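Everything on this sheet refers to the single structure shown next.
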Amino acid sequence: MNREALFKLSYGLYVVAAKTGEKENGCIINTVMQVTDEPLLLAVTVNKLNYTHDMLLQSRTASLSVLSVSTTFDTIKQFGFKSGKEYDKFVDVPVSHTGQGLPYLTKGCCAWFDCKITQVFDIGTHSLFLMEVLEDDVLSTEEPLTYAEYHKSVKPSPDKILKSVSAESRQQTGNHSAKEKKIIGWRCVICGYVYDGEELPPDFVCPWCKHGISDFEKITE
Ligand code: FE
């Protein structure tokens, strides 16, 4: 098995949002696909660990924001690396609302869909939602953001972050050479997840943002 093969599949990036009562919430997904034209159905999978997943099951309605190439990393962090359980992800985010009253992004978003969930399939770690599109529109002429383009242009370069971290530590230690310090963990420079332990397994993937070990920095004593 060569896991690299999966990187050759192309994906877009989206915010799927739900609303229950007054609570609005959403998360980043890369799994949206049109499956039929009449009726107009989309297949969308969402990880069961996401709070949005439970809200979708409850509300049976969803909006989809198609992220565009002008999406900032802040938007990815806001909707991808935080939990809507403790945090209002839509605070200070420019949005408009669909006919069903669901929020969609108006910045860094090139199109949106307002959907009714018609069927749900339990597929283990995720649920597969079949969604019928009730309404949609195009917001801008910008190209949609692909997952590959996100890795190339949107996520911050770990090299840049590591350089600024090492410049900071040089300043702190002045001209004295720092003693070898014991490694006590590794921090994901993309989302801040901390792995406890001296050695990071070579195939380790960040459980929060799904980035690999090249995006981790050492934490020393
Ligand atoms: Fe991460």
Subject >> Residue within region 164-176 that is within 16 Å of the ligand (Cβ to nearest atom), at pLDDT below 80 and closer than 29 Å to F79 by Cα present >> reply: yes
Original post:
For the subset of region 181-196 comprising residues that are modelled with pLDDT of 85 or more and within 16 Å of the ligand (Cβ to nearest atom), which member is surrounded by the fewest Cβ atoms within 10 Å (Cβ to Cβ)?
Top reply: D196
**OP:** Given the conditions (1) surrounded by fewer than 16 Cβ atoms within 10 Å (Cβ to Cβ); (2) under 19 Å from I28 (Cα atoms); (3) at pLDDT 85 or above, report the number of the one that P202 does not fulfil.
**Re:** (2)
**OP:** Give the residue that is nearest to the chain's Cα centre (by Cα), with candidates limited to residues of region 114-135 that are of a type in the set (S, T, Y) and surrounded by fewer than 18 Cβ atoms within 10 Å (Cβ to Cβ).
**Re:** T125
Original post:
How do the pairs read when you match residues in region 94-122 that are under 25 Å from V35 (Cα atoms) with residues anywhere that are of a type in the set (D, E) and crowded, with 21+ Cβ neighbours inside 10 Å, using Cβ under 6 Å and keeping only pairs 6 or more apart or on different chains?
Top reply: T98/D114; G99/D114; Q100/D114; P103/E24
**OP:** Please find, within region 104-155, the residue that is nearest to D74 (Cα to Cα) out of those that are among the hydrophobic types (A, V, I, L, M, F, W, C) and assigned to a helix (DSSP H, G or I).
**Re:** V154
Original post:
Based on what the data block shows, is D88 closer than 21 Å to N30 by Cα and either part of a helix (DSSP H, G or I) or at pLDDT below 95 (or both)?
Top reply: no
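The values are calculated or read from the model by the stated rules, or taken from the named source; none is laboratory data. Please read all numbers here as calculations on a predicted model, not as lab measurements. Ideal geometry is used to build each Cβ from the backbone, glycine not excepted, and the neighbour counts take in all protein chains shown.
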